[in-house]
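Here the structure is laid out as structure tokens; the discussion comes afterwards.
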Amino acid sequence: MEVRNNNNNKYDRQLRIWGDQGQLALEQANTCLLNCGPTGSEALKNLVLGGIGSCTIVDDSKVEARDLGNNFFVDWESIGLSKAKTVCNFLQELNDTVKAKFLEESPETIINVNPDFFSQFTLVIATQMKEQSLLMLDAICRKQGVMLLIARSFGLTGLIRISLKEHCVIESKPDNVIHDLRLQKPWAELKRFSDEFDTEIDDSVIHKHIPFAILLIKACEDWRKTHGDSLPSTSKEKAEFKNLLSSKRRGVDEDNYKEAILSAYRVWSSPTISSELQKILNDSAAEVNMNSPDFWVMVAALKVVVETIDTSVILSIKYIENVEFLPRPF
Amino acid sequence: MATPEELAVIEKAKVLMVGAGGIGCELLKTLALTGFKDIHLIDLDTIEVSNLNRQFLFRKQHVGQSKAKVARDAVLKFKPDIKIEAHHANVKNSDFDVEFFKQFNVVLNGLDNVDARRHVNRLCLAAGVPLVESGSTGYLGQVTVHVKDQTECYECQTKELPKTYPVCTITNTPSKPVHCIVWAKDLLFARLFGDRNQSSDLIVHTNDRTSSAATADTDFFNIKDGETPESYACRVFDGVFGDNIEVALRNEETWKSRKRPRPLYICEVYSDAKKPRIDGSCNSPDGNDKHTASAARILGLSNPQEVWTVRDSANVFLKALELLLNTRQKDIGSLVFDKDDQLAMEFVTAAANLRSSCFDIPMQSLFEAKGIAGNIVHAIATTNAIISGLIVLEAIKLLMGNLDDCRTTYCLEYPRRKMLLMPAELSAPKSSCYVCSQSTLLLEVNTTMTRLREVVEKIVRGQLSVNSPMISQGPCLIYETGDDLEEDMVTQYNQNLEKFLDSLPAPIVDGSILSIEDFQQEFTCHLQIKHREIFDEEKEPDNMVLSGKLSTTRDQALPGSVQLTAVADNVSIHAVDDDDEVILIDEVAKQDLKRKVLDEESVIVCGKRQRTEVS
């Protein structure tokens, strides 16, 4: 914790984007870069600056004079030397908390001869490689549950493609949240609490201090009695519901009624389980075992709650099946 | 990548970079690799630890040194054969005059504030040098091009000015965390540790003046003879969070449609427990290093991302106050708030949280509060790298004389219509722009009750961003600045500053037209004065309103183009919130791209223009 706090200052500006969890994910990641030409080096530079856990560069080429013009991470003194080693040393300088390693070997050789090499990584970044090798690499990574990111650049154009089996995202900060106040289905204690209030009471001070949520709970009950247990659904019914509330309002200073009318939408827009969410709950991956990732364990737990406790529990889980940045590769 | 013709032009080009920070480091690298050989670099800043996650030319050992110089040295190590001249200076310095700017083929901005950008914009217009502008915040960024008489200048589109909060919101009716932080930083901290003689809005008064807070006593915040830091801290606490709130509550009008605050007293917070006491720890060895001395750490609050409770905040408030009094005696009376001063930041966070709790506003963690108090902008290397690439591409087009190919390019967070980089055509200059097209502005002000000084500060230097103004009415010089002025002129000008507008030797009244000039910026504009008696305290806190002329036909975009208006500058001073025209920094950065012409065929893709009519 102390070490992390010390690094907080260095990472302050990016912590404000992805927070502690994002930073932890970065720092726990082991990456592998195949080919450290300009594309690979530049990509790795940004990751190293950000504090990636470790990076292993695989490249069997030597630094040549023509590399000096387009790769900032090689210099005159390194001509003739291993490019992987040169780039690795430079990147290490950028951030001493990153474990920078290199392997002077051609990526194609490893793919062909030692595919298990890739199983130690969280993410493999393959740059400037040919389709054939990429197809093999993709199969290897899929089998071993390693994320693959492919990048190619030509002059002023380039492409990036991501290949992974599944990417789970939990939206912890949804943009539009309507909190369910359980107005239509108060649980026992809330119902008892609501019953303690009397909207017909004479005392005006008490009347104007009845919480708006209670007013809405009672309005729901009254509505249900006269509308066959259903809730307002058409705009006419919604207007009628609001009128019922305002008819009970005794004066302009009764802010609780004002608030109740403004919040009446909560009665009919209470969130339910979306079909997307249901799909996730029904996914076979929700039958968890010892190896299941955290995401699915949480889904399994949610499933238990939903099935056994209440169907009006709210969570919003987005499921991204395919991640593509460009329409198709070429 | 470049053609032989381009390479020839690149190698001969003389380029000025303004800013050697996030964008600057990436830009210098890209320029060097592209083949540029003659680069000047201006940056007034020194390197800080928080720069190191993206300004990759700098290392830990460089902290405290000049950004421009270290950047130059780092690049020369890799490309010893190019010429880089580094200026550790403010670009507004008079050394960088029109003649200085004229020597360059193109100017590239990598700045982080609107004020400097406006200054460079004016100099580039005066010198007739094309300007490539850029900005970035987190994942967002943009690059655009300004060429005199051919395209809009930087100021053709009005930029958001730094928001000032109405005093009454800060002192009486805060509703957002930022209001409480501004109060804690600019009022409380300033009053306790800064210049005592400056008048303060810290004291709350009732309308009827029959009673006011104990804090109204001008000596209230001065430590009394024999008073221990501990009892002083408690007295201040009760004064600002208890007594002041009680007094404010007596103004019934204020609370008619607002939630009433609750006063908070020490005895309530500690009803069941002891207050943290001073012990030897405040004299610990690191107590004098402003970066490491910490009240929070002593109290066991070691996680800056954790939101403190009211009790925690009170503990930190008292402890930080004691530590500041004990370890910074010599600074008290002249201390300026610095977000990197750990104790000061903790004190401000604690005070802001306590005030927030009185007003039922959510409290903030130290980390969040620091971001708000210090106007911190989030940033990563990747976006800056992309932006620097785009800057160089535009620069090459300009050097080759291909203005038609130049674009404004937006770098988005998520692909939109399958594009992460969205280009848009440039627009023609606005005839209503008072900077590049001589036009008149309107200033509404109370000419009988406003002093010239206020107009100079708030309007001329403030909103118009003029550096060394010369103000005249017709042939009469009312005010000017400069090193070569005669003494009697200076005296006259200083006297003028204190006079009401209509009492000046050349009286400024309703209908007067003033000329505002700045020789360094080669900037001229005219200000028509309109007398007005009343101003809205909340909406017009400056007691004066500046407005521009309506635009005319010249403002239409070039045919076949898509107009995208974006509101994303890396403007670090801004805090704008969506309830009352004030959005927190994050939301300003979310670009608001409004497509004026929804015509997909007129979007430029891959540099090829589709010549279609605007439908």
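When you scan the range B:1-101 for helices (runs of 4 or more DSSP H) that lie fully inside it, which ones turn up with 1 or more residues that are small (Gly, Ala, Ser) and touching a helix residue (DSSP H, G or I) at 6+ places or on another chain (Cβ under 9 Å)? I'd like the intermediate steps shown before the answer.
Values: elements: B:4-12, B:22-34, B:67-78.
In the range B:1-101, B:22-34, B:67-78 are the helices (runs of 4 or more DSSP H) which contain 1 or more residues that are small (Gly, Ala, Ser) and touching a helix residue (DSSP H, G or I) at 6+ places or on another chain (Cβ under 9 Å).
Within the bounds of the range B:12-32, is there any residue that is within 14 Å of chain A (Cβ to nearest Cβ), more than 16 Å from B:Ala68 (Cα to Cα) and surrounded by fewer than 24 Cβ atoms within 10 Å (Cβ to Cβ)? There is no residue in the range B:12-32 that is within 14 Å of chain A (Cβ to nearest Cβ), more than 16 Å from B:Ala68 (Cα to Cα) and surrounded by fewer than 24 Cβ atoms within 10 Å (Cβ to Cβ).
Report yes if A:Leu190 is within 35 Å of the chain's Cα centre (by Cα), in a helix (DSSP H, G or I) and surrounded by 19 or more Cβ atoms within 10 Å (Cβ to Cβ), otherwise no.
When the stated conditions are applied, A:Leu190 does not pass them.
If only residues of the range B:379-429 that are over 29 Å from the mean Cα position of the chain (by Cα) and part of a helix (DSSP H, G or I) are counted, the one that is surrounded by the fewest Cβ atoms within 10 Å (Cβ to Cβ) is B:Asp404.
One residue stands out among those in the range A:52-66 that are in contact (Cβ under 8 Å) with a residue 24 or more places away in the chain and crowded, with 17+ Cβ neighbours inside 10 Å: the one that is nearest to the other protein chains (Cβ to nearest Cβ), which is A:Ile52. Only one of these is more than 30 Å from A:Tyr11 (Cβ to Cβ) and away from chain A (no Cβ under 14 Å): B:Lys83, B:Lys37. Name it. Every option except B:Lys83 fails the conditions.
The listed residues are B:Cys358, B:Cys406, and the only one of them that is out of contact with any Ser or Thr (no Cβ under 6 Å at 6 or more places or on another chain) and under 30 Å from B:Val145 (Cα atoms) turns out to be B:Cys406. Among residues of the range B:133-145 that are within 13 Å of chain A (Cβ to nearest Cβ) and more than 15 Å from B:Leu27 (Cα to Cα), those with a Cβ under 9 angstrom from a residue that is in a strand (DSSP E or B) and acidic (Asp, Glu), sequence gap 6+ or separate chain, pair up as B:Gly138/B:Glu413; B:Tyr139/B:Glu413; B:Leu140/B:Glu413.
Only one of the numbered conditions (1) out of contact with any helix residue (DSSP H, G or I) (no Cβ under 6 Å at 6 or more places or on another chain); (2) under 28 Å from B:Gln61 (Cα atoms); (3) more than 8 Å from every other protein chain (Cβ to nearest Cβ) is violated by A:Ser106, and that is (2).
Selection of the range B:344-390 for residues being aliphatic (A, V, I, L, M) and more than 14 Å from chain A (Cβ to nearest Cβ) yields B:Ala344, B:Val348, B:Ala350, B:Ala351, B:Ala352, B:Leu354, B:Ile361, B:Met363.
The rows are residues; the columns are (1) of a type in the set (D, E, K, R); (2) closer than 17 Å to B:Pro541 by Cβ.
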site	(1), (2)
B:Leu442	no, no
B:Thr447	no, no
B:Arg451	yes, yes
B:Ile459	no, yes
B:Gln473	no, no
B:Ile478	no, no
B:Asp484	yes, no
B:Glu487	yes, no
B:Gln495	no, no
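Every condition in (1) touching a His at 6+ places or on another chain (Cβ under 8 Å); (2) modelled with pLDDT of 90 or more is met by B:Val247 except one, and the failing one is (2). Considering only the range B:57-85, state which residues are more than 17 Å from B:Thr30 (Cβ to Cβ), crowded, with 17+ Cβ neighbours inside 10 Å and out of contact with any Asp or Glu (no Cβ under 8 Å at 6 or more places or on another chain). Listed by number, the residues that qualify are B:His62, B:Lys69, B:Val70.
The single residue among A:Asn289, A:Asn322 that is modelled with pLDDT of 85 or more and not basic (Lys, Arg) turns out to be A:Asn289. I'm trying to understand the selection: among the residues of the range A:79-89, which are free of Cβ contacts under 8 Å to residues at least 24 places away in the same chain and within 14 Å of chain B (Cβ to nearest Cβ)? Selection gives A:Ile79, A:Thr86, A:Asn89.
Report, ordered by the first and then the second residue, all pairs with beta carbons closer than 8 Å, sequence separation of six or more or different chains, a first member in the range B:2-20 that is over 11 Å from B:Ile39 (Cα atoms), and a second member that is charged (D, E, K, R) and at pLDDT below 95. Matching pairs, first to second residue: B:Gly19/B:Asp112; B:Ala20/B:Asp45.
All conditions but one from (1) in contact with a helix residue (DSSP H, G or I) (Cβ under 8 Å, 6 or more places away or on another chain); (2) surrounded by 14 or more Cβ atoms within 10 Å (Cβ to Cβ); (3) at the interface with chain B (Cβ under 10 Å from one of its Cβ atoms) apply to A:Trp76; the one that does not is (2).
All of A:Asn35, A:Asn46, A:Asn71 fail the test of being crowded, with 17+ Cβ neighbours inside 10 Å, more than 14 Å from every other protein chain (Cβ to nearest Cβ) and not aliphatic (A, V, I, L, M), apart from A:Asn35. Within the range B:41-69, being of a type in the set (A, V, I, L, M, F, W, C) and more than 14 Å from chain A (Cβ to nearest Cβ) holds for B:Leu41, B:Ile42, B:Leu44, B:Ala68. Within the range A:231-243, residues that are free of Cβ contacts under 8 Å to residues at least 24 places away in the same chain sit with their Cβ atoms under 6 Å from residues that are hydrophobic (A, V, I, L, M, F, W, C) and surrounded by 13 or more Cβ atoms within 10 Å (Cβ to Cβ), at 6+ positions apart or across chains, in these pairs: A:Lys242/A:Ile261; A:Lys242/A:Ala264.
Considering only the range B:70-80, state which residues are within 12 Å of chain A (Cβ to nearest Cβ) and of a type in the set (D, E, K, R). Answer for the range B:70-80, where residues must be within 12 Å of chain A (Cβ to nearest Cβ) and of a type in the set (D, E, K, R): B:Lys77, B:Lys79.
Among residues that are more than 14 Å from chain A (Cβ to nearest Cβ) and in a helix (DSSP H, G or I), B:Phe337 is not included.
For the range B:370-382, indicate whether the set of residues that are in contact (Cβ under 8 Å) with a residue 24 or more places away in the chain and under 17 Å from B:Thr151 (Cα atoms) is non-empty. Within the range B:370-382 (the criterion being in contact (Cβ under 8 Å) with a residue 24 or more places away in the chain and under 17 Å from B:Thr151 (Cα atoms)), the answer is no, since none of the residues qualifies. One residue alone among B:Arg54, B:Arg118 is charged (D, E, K, R) and touching an Asp or Glu at 6+ places or on another chain (Cβ under 7 Å), and that residue is B:Arg118.
None of B:Arg209, B:Arg235 is among the charged types (D, E, K, R) and at pLDDT 85 or above except B:Arg235. In the range A:9-32, the condition of being crowded, with 21+ Cβ neighbours inside 10 Å and away from chain B (no Cβ under 12 Å) is met by at least one residue.
The values are calculated or read from the model by the stated rules, or taken from the named source; none is laboratory data. These numbers were taken from a predicted model, which means no experiment stands behind them. Every residue, glycine as well, gets a Cβ built from its backbone with ideal geometry; the counts of neighbours run over all protein chains shown.
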